[in-house]
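The values are calculated or read from the model by the stated rules, or taken from the named source; none is laboratory data. Since the model is a prediction, treat every value here as computed from it, not as a measurement. Every residue, glycine as well, gets a Cβ built from its backbone with ideal geometry; the counts of neighbours run over all protein chains shown. Each accessible area value is taken on the protein alone, full model and side chains, heavy atoms only, with ligands, DNA and RNA left out. Shrake-Rupley method; radii C 1.70, N 1.55, O 1.52, S 1.80 Å.
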Amino acid sequence: MTIDRANSALLIVAHGSTVNSDSSAPTLAHAAEIRRRKIFADVACAFWKEEPSLRDALFLFDPELVHEVYVVPNFISEGYFTQTVIPRELELNDRVTKRSNGQIWKYCEPVGNHPMMTDLLLQRARQVARDVDPRETSLLIVAHGTDLNENSAVAAKREAEKIRALGKYATVLNVYMEEPPLVSDWRKLTKTSNVVVVPFFISDGLHSYEDIPRLLGIASERSTRLRSPERPTARQETAPRAARGEVFQPNPYKIEDRSLFYAPSIGTDAGFADIIIEQAAKFDSDRSHDGGMN
């Protein structure tokens, strides 16, 4: 790690949610872990839908103490938020922005772009199904799908292709909630006795707690119909976090003589702290190779 922690800060940017506290929980946890390692002089988070807001982030770091700010988007892929919303709200001119107060803000790639993501997905799959032979197991990486989430669908496909090339699992598929191949068709798409499902999301929310389990056939009661996470039912708003997380506990689910293992969203993995740090370090490494051009 080449970052001078004496005068550098880290800003982790995520989406957040006005109704789902679990949305920001992983980002806050990763920030706390990075703060514990004392790599940066300061570590903070900012959110699109929570406090502190992206606009608030402009004033989080004292320019007398912090000369550089590394901005790392905690997003699965490049897209509208990383390319438009974050630069606009943080007033970023390019990958490098010099503020009127003298601070240099460095805009890093989203976490989902890092090569370590593949290893994290493999690790999560093994954690949730420790005693099964991968050669007799299908691995499904679930993203949202639809035109509204095109880039996340592409990212899931990329990771599935990379894992498939390793030859560890009998079958590796990228599947989606709202476009083919559909996660609800997992019985038709897979032939193995074991199936491992990993949601390719930054945090656990209504999709991982309710919608995907319903599509898999492991939900005990009817959930919402793929509604937006920002518009939950009254029951979902008041559901305790522990109760919502119980869907991950009964592994494996026994369905038609097959074993289905359901993992929490990949973004809850503690390894994301390492990826966030690496994305900041990669920024300086990449710029040293390209001569420092924006």
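Assorted remarks:
- LYS282, LYS38, ranked by accessible area, largest first (probe 1.4 Å): LYS38, LYS282
- Between 0 and 90°, nearest 10: helix 272-289 axis offset from the chain longest Cα axis: 50 degrees
- Seen against the Cα atoms of the chain and their longest principal axis, helix 150-166 is set at about 70 degrees.
- Placing pseudo-labels 7 Å out from each Cα toward the beta carbon at ALA6 and ALA165 gives an inter-label distance of 4.2 nm.
- Residue-normalised convex hull volume from the C-alpha trace of the chain: 134 Å³ per residue.
- Percentage relative contact order, the chain, counting C-alpha pairs under 8 Å, at least six apart: 21 percent
- Over all pairs of different C-alpha atoms, the range 92-165 has a mean inverse distance whose reciprocal, the Kirkwood radius, equals 15.2 Å.
- Reducing the range 178-221 and the range 18-50 to their Cα centroids gives an inter-centroid distance of 27 Å.
- Between the amide H of VAL69 and those of ALA9, ILE104, TRP105, LYS106, distances stay under 5 Å, these residues lying 5 or more places away or on another chain, with hydrogens modeled in the peptide plane.
- Over the range 78-117: Kirkwood hydrodynamic radius from C-alpha pairwise inverse distances, Å: 11.2 Å
- Amide H within-cut-off set for THR137, under 5 Å, with H built and near neighbours excluded: ALA170, THR171
- Charge dipole (debye, nearest 20) of the range 106-207; +1 at Cβ of Lys and Arg, -1 at Cβ of Asp and Glu: 380 debye
- Against the rule of thumb 2.2 N^0.38 Å, how large the Cα Rg of the range 1-113 comes out: 1.00
- Diffusion constant of the range 248-288 at 10 °C, which comes from Stokes-Einstein with the Kirkwood Cα-pair radius and 1.306 mPa s, µm²/s: 121 µm²/s
- Value of D in µm² per second that Stokes-Einstein yields for the range 63-209, Kirkwood Rh from Cα pairs, at 10 °C (1.306 mPa s): 93 µm²/s
- Pair ARG135, LYS254: separation of 7 Å Cα→Cβ label points (nm): 2.7 nm
- Per residue, the convex hull spanned by the Cα atoms of the range 118-202 measures out at 81 cubic angstrom.
- For the chain, lysine pairs separated by 8 or more sequence positions, or belonging to different chains, with Cα-Cα distances below 28 Å total 24.
- Packing, as the average of other Cβ atoms within 10 Å across residues, places the peptides 202-214, 153-165 in the order 202-214, 153-165, highest first.
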